[in-house]
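Participant: Dropping a structure here in structure tokens format, bear with me for questions.
Rule-based calculations on the coordinates, nothing more; no lab input. Quick caveat: nothing in here was measured; it's all calculated off a predicted structure. When we count neighbours, we look across all protein chains shown, and the Cβ atoms used for this are built from the backbone with ideal geometry, even at glycine.
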Amino acid sequence: MNRRLWSVFAGVCVFALSMVWAVPSGAQASEVKEKPAMYSYIANWQIPRAQWADMAKANAGDKAILDKALADGTIVGYGNDEAAVHQVDGITHDDWWSSMSLAGLIKVLDQLSAAGNTTSSVLASATKHSDAIMESHYYNWRAGAYKSAYAHVSYYKLKPDAPDDAVELVSKNLVVPLLEKLLAGGSILEYEVDTEAIHTSDPSGFWIVYVATSPEGLDAVNSGIRDALKAQPFGGPAFGSMTDGAAHRDELLRGEGVYK
């Protein structure tokens, strides 16, 4: 249901954008603008179930380094998650931190490595591990710490003939207006649209991510999409024409973190 709603609503927004082009720029009430790049380092782990409790201890061991980096502005947020919906051979845990520069990401990684935090026994028990460095120009958050929040991650792959500005188009006319409203209302506490800064997978992929403050926040996002469709019922195949539906995947994670 979530994928279908995103897809239909994106088609609506593409149609609406074509109408906006015909309107003088001064008549556009609020324009979503691209923000300076925010980078995120994400370490993904597949940990045997018997060691899951040890991950909490490993995360606690990282806190002093991450708190210092947050306080001095090296990073703007950090956290960790565990999978809420498990796959047979999927990732069970992740750690992440975000910075307004690649240098900030790598400085923290170097500090964690020098302290031996990246070679702890629980991480050594991982049966799978991968890292990713993401870049976002469309994001926002509520400052402060959170616990037991739900991160929803949707992966999409652009078709070869998708326009060069497809991610920008979807971000400005779908993701940001909708999720800004939900952020202001308290249903979510962070969102971002990511592409890979270091391409370790298909460069045509992009991710829509939001963190819900509670399980009810997940429903609030779906309700927000439905309400927008009712208010502007221009169905369209635009999103489907830009993305490969067979490649779409979702993740649901539960975790804790903090944003500056």
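Participant: Starting from the Cα of residue 53, step 7 Å along the direction of its Cβ; do the same at residue 135; then give the gap between the two resulting points in nm.
Facilitator: 4.4
Participant: Identify all aspartates and glutamates with a Cα-Cα distance to residue 107 below 16 Å; exclude those on the same chain that are fewer than 8 residues away in sequence.
Facilitator: 62, 67, 72, 95, 131
Participant: Longest span of the chain, sites excluded, free of GluC sites (Glu not before Pro) in DSSP loop with at most 16 other C-beta atoms within 10 Å?
Facilitator: Value returned for the longest uninterrupted segment is 35-260.
Participant: Follow-up. Compute the length gained on full extension between residue 199 and residue 180: take 0.36 nm times their separation in residues and subtract their Cα-Cα distance, giving the result in nm to one decimal.
Facilitator: Using 0.36 nm per residue and subtracting the Cα-Cα distance, I get 4.0 nm.
Participant: Next question. Grab the Cα-Cα distance for residue 67 and residue 102, subtract it from 0.36 nm times how many residues apart they are, and report the gain in nm with one decimal.
Facilitator: Values: separation 35, 0.36 × 35 = 12.60 nm, distance 1.81 nm.
Extra length available between residue 67 and residue 102 comes to 10.8 nm.
Participant: Now for a different question. Run the dipole for the chain about the Cα centre, Lys and Arg Cβ at +1, Asp and Glu Cβ at -1, nothing else charged, and hand back the magnitude in debye, nearest 20.
Facilitator: 480
Participant: Right, another one. What nm distance separates the two modelled labels at residue 142 and residue 32, each placed 7 Å from Cα along Cα→Cβ?
Facilitator: My value for the distance between the label points is 2.0 nm.
Participant: What does the C-alpha gyration tensor say about the overall shape of the chain? Classify as rounded when a/c is under 1.5, otherwise prolate if a/b is larger than b/c, or oblate.
Facilitator: Since a/c reaches 1.5 and a/b is larger than b/c, the shape of the chain is classed as prolate.
Participant: Using the Karplus curve 6.51 cos²θ - 1.76 cosθ + 1.60 with θ = phi - 60°, work out ³J(HN,Hα) for each residue of region 241-257 in order, rounded to whole Hz, and write x for Gly and Pro.
Facilitator: Couplings: 6, 9, 10, 8, x, 5, 8, 5, 9, 10, 10, 10, 10, 10, x, 9, x Hz.
Participant: Identify, among 175, 86, 223, the residue whose Cα sits farthest towards the positive end of the charge dipole of the chain, taking +1 on the Cβ of Lys and Arg and -1 on the Cβ of Asp and Glu, with the dipole about the Cα centre.
Facilitator: After comparing all options, I get 223.
Participant: In nm, to one decimal, how far is the modelled label at residue 155 from the one at residue 127, with both set 7 Å along Cα→Cβ?
Facilitator: With each label placed 7 Å out from Cα toward Cβ, I get 1.9 nm.
Participant: For each of 152, 93, 86, count neighbouring Cβ atoms within 10 Å of the residue's Cβ, then give the residues from fewest to most.
Facilitator: 86, 152, 93
Participant: Okay, next question. Rounded to the nearest 20 Debye, what is the dipole magnitude of region 158-260 about its Cα centre when Lys and Arg each give +1 and Asp and Glu each give -1 at the C-beta?
Facilitator: 360
Participant: Tell me the relative contact order for region 72-212 as a rounded percent, counting alpha carbon contacts under 8 Å between residues six or more apart.
Facilitator: 24
Participant: So which lysines can residue 172 reach, going by Cα to Cα under 27 Å and dropping same-chain residues fewer than 8 places off?
Facilitator: Excluding near neighbours in sequence, the set is 33, 35, 157, 159, 181, 230, 260.
Participant: Only helical DSSP H runs with n ≥ 4 go in: add -39500 (n - 2.57) per run for the chain, normalise by residue count and round the 222 nm mean residue ellipticity to 500 deg cm²/dmol.
Facilitator: Calculated from helices alone, the mean residue ellipticity at 222 nm is -11000 deg cm²/dmol.
Participant: Taking the Cα centre of region 35-104 as origin, work out the dipole magnitude from +1 charges on Lys and Arg Cβ and -1 charges on Asp and Glu Cβ, in debye rounded to 20.
Facilitator: The calculated dipole for region 35-104 is roughly 120 debye.
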